[in-house]
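Novice: Got a structure for you, questions after.
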Amino acid sequence: MTQSGLARAIGADRSTINQALNDDAARLPGAHVVGACAQALGVSADWLLGLSNRPESAAALTAAALSLTEAPRALIDERIFNWHKEAAGYKIRHVPAALPDMLKTEAMLAWEYGPHLGRTTTQAINASHDRLDWMRSSQSDYEIALPIYELDSFAVGTGYYEDLGKDVRSDQLGHLLDLTEQLYPRLRLYLFDARKLYSAPITIFGPLLAVIYTGGHYMAFRDRERIETLSLHFDNLVRQASFTARDLPARLTKLQAVTR
């Protein structure tokens, strides 16, 4: 756009635009001129004034920074998988809603998701295997934090797991034990005390993305400030964990004994 064209677009004299673009100008144009120019050019006023390195408007930045999308019952859908692939090579931090889907046995997946999925249980199981295979090959470190009561309730079959058979629970704990030993230190699982700390289900995909799972939707943040805030929250879970990744095998072995 020429100076004359911009002047016509905002209803100002060409000399006003020329003065604003002149390095030797004694003063900046008025706020109304800056705002009108920003609107005409489709950029932010802060960017025009050199106060931001992002030319998008505040509304566009907000829309890009936060998205809200529907989430299926099972956390093994294509959207989650694509986020994992996007963050390949970065550390991925995860607080699951229950036990981590990628680390579940086929029997556990069939019990949990069989009645709810719109696709076959076999498809869900294959999708979970794909996620685990991806985790093995993606060169990403995975840190997973769980409340202690989740594994304790699972082991004794109370609450959510009340009608889950003892054999399935024992096999699942053995499967967790095998995977956490095989994949350590690439995979590290921590247990925190929910009486001291609380966390909603979240996943932080390196510096790229942070996602909060609400049950029916994903709230995805891409702005640096919120990603850093949620990363610090997760780091606090790890720092105050009652059982670290090194402690976990002994804890799982003890819990598995309860199911026998």
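Just so it is clear, none of the values below were taken in a lab; they were calculated from the coordinates. On a predicted model such as this, the values are computed, not experimentally measured, just so you know. No Cβ is skipped: glycine too gets one built from the backbone with ideal geometry, and neighbour counts run over all protein chains shown.
Novice: Ranking Arg54, Arg188, Arg260 by Cβ neighbours within 10 Å, fewest first, what do you get?
Specialist: Going from sparsest to densest Cβ surroundings: Arg260, Arg54, Arg188.
Novice: Under the classification rounded if a/c is under 1.5, otherwise prolate if a/b is larger than b/c and oblate if not, where does segment 3-55 fall, given a ≥ b ≥ c as square roots of the Cα gyration tensor eigenvalues?
Specialist: The shape class here is oblate.
Novice: When only Cα pairs under 8 Å and 6 or more residues apart are kept, what is the percent relative contact order across segment 3-55?
Specialist: In percent, rounded to a whole number, it is 24.
Novice: Same structure, new question: With contacts defined as alpha carbon pairs under 8 Å and 6 or more residues apart, what's the relative contact order of the chain in percent?
Specialist: After rounding, I find 22 percent.
Novice: So if we plug the beta-carbon distance of Ser153 and Arg224 into 1/(1 + (r/R0)^6) with R0 = 35 Å, what FRET efficiency do we get, rounded to 0.05?
Specialist: It comes out at approximately 0.45.
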